[in-house]
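A short worksheet on the structure shown next.
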Amino acid sequence: MGKALVATLGFDERHVIRSLLAIGMEGVEYIVLLIPDWDIDERTSRAIDKIKEIASLAGVSRDNVVLERIHVEDFWSSIASIVKVFIEYYKAGVEEFMLSLGGGLRALIIEVYTATLFLPDYIASNTTVRIDLEPKNLSVIIKRDDIPLRIESIPSPQEVDVLKALHSKPEPLTSLSKKLDIPKSTLWKILKRLEKNKLILRSGNIYEVTSLGKVILEIYSRAYK
């Protein structure tokens with residue numbers, strides 16, 4: 001089973017190294033460092049070099065210590081980018097993730113944690129979150145799948161088509177059925193699922209996309225294609 005350590009990084013490499021030791025080196029294929037898409041500070045550069053040095057001693061190729069730059073100033077775009085990072089490494093063969101949130105920009109840490117709420121089940125169930133408690137040199141370990149606050153259902157491609165249509169223009173079932181060429185009975189079931197998951201709401205006979213639905217569309221368009 002391929003493993004990856006995904007970590008937010010600021011000026012200090014120690015939490016990354018502690019997480020690396022905690023995960024165990026056997027099977028670790030990638031160390032993915034999440035940083036803001038700004039110029040790299042000299043201290044951050046030294047931390048990256050130290051992580052590469054430790055990784056190579058532990059048998060992880062320096063080339064597999066990868067920087068992923070996140071545009072932290074755009075909250076939902078950042079979340080979409082972070083979800084995409086997990087999906088891409090899963091497709092590259094990683095089956096187990098440890099997410100280390102012990103350092104780096106606060107905004108980035110919040111965005112990364114929020115992104116875990118949108119991970120597909122097949123990734124979330126194999127992701128562990130580690131949060132360092134610096135003063136006591138301790139850490140909190142959380143299995144991501146045990147956290148109840150999650151987006152339960154990433155919509156199917158057909159559901160995304162419905163969301164896109166309603167995002168452009170709120171409509172009743174009949175006209176939406178004609179526009180998308182979906183039988184009304186099938187479309188009604190789709191709308192009920194989307195409504196249950198709070199991605200759309202109905203006002204009278206008109207359906208429209210909720211704020212959460214718009215967020216899902218943003219993440220889907222950036223991360224799931």
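Bear in mind that the values in this text are calculations on the coordinates, not laboratory data. What you see is a predicted model, and the numbers here were worked out from it, not measured in a lab. Cβ placement follows ideal geometry from the backbone for every residue including glycine, while neighbour counts extend to all protein chains displayed.
If the cut-off is a Cα-Cα distance under 16 Å, which lysines reach residue 169, setting aside same-chain residues fewer than 8 apart in sequence?
Straight-distance partners of residue 169: 178, 179, 214.
Post the alpha-carbon centroid distance, segment 100-125 to segment 172-225, in whole angstrom.
First find each Cα centre; the distance between them is then 27 Å.
Calculate for the chain the 222 nm mean residue ellipticity that helices alone would give, adding -39,500 (n - 2.57) per DSSP H run of length 4 or more and normalising by residue count, nearest 500 deg cm²/dmol.
Rounded to the nearest 500, it is -14000 deg cm²/dmol.
Sorted from largest down, give the three principal axis spans of the alpha carbons of segment 157-223, whole angstrom values.
Sorted largest first, the three principal extents are 30, 22, 19 Å.
What value in Å³ per residue do you get for the convex hull of the alpha-carbon atoms in the chain?
Dividing the Cα hull volume of the chain by its residue count gives 132 Å³.
Take every Cα-Cα pair in segment 1-111 and report what % of them are more than 20 Å apart.
In whole percent, the long-distance tail amounts to 35.
Using label points projected 7 Å from each Cα along Cα→Cβ, tell me how many nm separate residue 206 and residue 41, to one decimal.
5.0 nm
Comparing 175, 56, 139, which has the greatest mean-square fluctuation in the GNM of the chain with Cα pairs linked when under 10 Å apart?
Greatest mean-square fluctuation among the candidates belongs to 175.
Give the percent of DSSP beta bridges with both residues in segment 2-146 that are antiparallel, rounded to the nearest 5.
The antiparallel proportion sits near 20 percent.
If R0 is 41 Å, what FRET efficiency do you get for residue 167 and residue 18 from their C-beta distance, rounded to 0.05?
0.40
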